[in-house]
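First comes the structure, then the notes that go with it.
The values are calculated or read from the model by the stated rules, or taken from the named source; none is laboratory data. All of these numbers come straight from a predicted model, not from anything done at the bench. Counting neighbours? That spans all protein chains shown, and the Cβs are built from the backbone with ideal geometry, glycine included. What goes into the accessible areas is simple: the full protein's heavy atoms, side chains included, and nothing from ligands, DNA or RNA. Shrake-Rupley method; radii C 1.70, N 1.55, O 1.52, S 1.80 Å.
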Amino acid sequence: MNAALRLRLDGQALVANWRWLDARSGAAACGAAIKADGYGLGAREVMGRLAQAGCRDFFVATWDEVGSVGELPEGCALSVLHGVRDEDMGVATASNARPVLNSVAQVARWRPTGLACDVMVDTGMNRLGLSALDDVSGLHIDTLMSHLACADEDSPMNKAQAAAFRALNMPAKRRSMANSAGICLGTDYAFDLTRPGIALYGGVPREEAAGNIVQVAYPEAQVTQRRCVGAGDSIGYGATFVAERDTEVAILNIGYADGYKRAFAGTGSADGGRFPLLGRVSMDLIAIDVSTEPGVSEGDWLTLDYDLPAASHATGVSQYELLTGLGARFDRVWC
Ligand SMILES: *Cc1c(COP(=O)(O)O)cnc(C)c1O
């Protein structure tokens, strides 16, 4: 572990976010979506920490991801949101994870196994899921699910989807509908089990979560070079930044190939706003103004400002993309 980029991960913040979401879920259990490698933080680490805090239900997208999360902690369940393809059947039937069946073909594929499953029903999103009238006879359904299309907004669709879900006549041990934003909508949406993702990792999907959900992931980059840019000289591609006065600049080894989006141009900063980003974001490098800090020098580590709601508001990039885009060049360091 000697990468020149670090993603510092606050394990206590992760657990605190889960506890808030759990409390907000009322009597329902609170699970955790850990697909896309735990939204980029590391699914195995996230699962271990949340299982220790009391989380029992985890969600990934594919069977590949089941393999990479490793052994399930004692008493925990794992569901595979994309269901099961023909080419997954060997792995799936040998696994203790459950497919979330989404289509009539998936139901037909799984029924003969006699094994437990979850089922997703579409209540208006028209992405994944069976329709209310599809035949689920012969299945052993653990959790019946649906997914909200507009939970991050005050849309009439939320109530309509919850009502359609409540009206379903399918036998299951439990029901589950709410993602992070759905949890914020209130316990009418919680049913028996909630499935937060983004808010676990510091995303604020709705106002209700502001001030309660805290940042978990902090990108840290190293100073590769410090230089003085003279008044009138420019920095970087396109020479978009021209120094009005002599400016002390630190070049950091992070860029858009690491998920630090070009949209940070003109708005990004490091160290709590102390060091503004200058000019464009390159593939592997950025420049920041360190004129106020003579002590910053080659080899120093600096923290990029990456509070998800603030960064999303400033760049127009969604909180989900800001998080899941953070690339493979980071060492992920839990503290
Ligand atoms: C990703 C996902 C979630 C978690 O959503 P967030 O908006 O990240 O909280 C919950 N349910 C399903 C079906 C998902 O695909």
Estimated inter-spin distance, residue 257 and residue 164, nm [label 7 Å along Cα→Cβ] | 4.5
For the chain, modelled as a Gaussian network with Cα springs under 10 Å, which listed residue fluctuates most, 209, 28, 310?
-> 310
Mind putting together the pair-distance distribution for region 104-241? All Cα pairs, 5 Å bins, whole percent per bin, short to long.
-> 2, 9, 15, 15, 12, 9, 8, 7, 5, 4, 5, 4, 3, 2, 1, 0
In degrees, nearest 10, range 0 to 90: what is the angle between the Cα axis of helix 11-24 and the longest Cα principal axis of the chain?
-> 40
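In debye, nearest 20, what is the charge dipole magnitude of region 55-130 about its Cα centre with +1 on Lys and Arg Cβ and -1 on Asp and Glu Cβ, if you could check?
Working: 6 positive and 10 negative charges, 56 e Å.
So the magnitude is around 280 debye.
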Can you pull the one-decimal nm distance between simple spin-label points at residue 154 and residue 62, each 7 Å off the Cα toward Cβ?
-> 4.0
Counting only protein heavy atoms with a 1.4 Å probe and every protein chain in place, the carbon and sulfur fraction of the accessible surface of the chain in whole percent equals 49
Which stretch or stretches of region 159-187 have amide N atoms under 14 Å from the point lying 7 Å from residue 318's Cα along the Cα→Cβ direction?
-> 179-182
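On full extension of the chain, what length is gained from residue 133 through residue 116, given 0.36 nm per residue of separation minus the C-alpha to C-alpha distance?
On the way: separation 17, 0.36 × 17 = 6.12 nm, distance 2.05 nm.
Length gained between residue 133 and residue 116: 4.1 nm.
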When Lys and Arg each count +1 and Asp and Glu each count -1, what net charge do the other residues less than 15 Å away from residue 196, Cβ to Cβ, add up to?
-> +2
Kindly express, to the nearest 10 degrees and within the range 0 to 90, the angle between helix 156-166's C-alpha long axis and the longest C-alpha principal axis of the chain.
-> 40
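Ordered by packing density, taken as the mean number of other Cβ atoms within 10 Å over each peptide's residues, highest first, how do 254-265, 234-245 rank? Let's see the in-between values first.
Numbers: 254-265: 20.2, 234-245: 14.2.
Output ranking for 254-265, 234-245: 254-265, 234-245.
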So the angle from the long Cα axis of helix 43-53 to the longest Cα principal axis of the chain, reported in degrees to the nearest 10, equals 70
Tell me which lysines have Cα within less than 30 Å of residue 261's Cα, excluding those fewer than 8 residues away on the same chain?
-> 35
What net charge do the residues around residue 329 carry, taking every other residue with its C-beta under 9 Å from that of residue 329, with Lys and Arg at +1 and Asp and Glu at -1?
-> -3
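Averaged per residue, what accessible surface does the chain expose to a 1.4 Å probe, in Å²? Walk me through the numbers on the way to the answer.
Working: 14830 Å² over 335 residues.
With the other protein chains kept in place, the chain gives 44 Å² per residue.
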Quick note, region 221-301: a/c under 1.5 would make it rounded; otherwise a/b > b/c is prolate and the rest oblate (a ≥ b ≥ c, C-alpha gyration tensor); here it is oblate
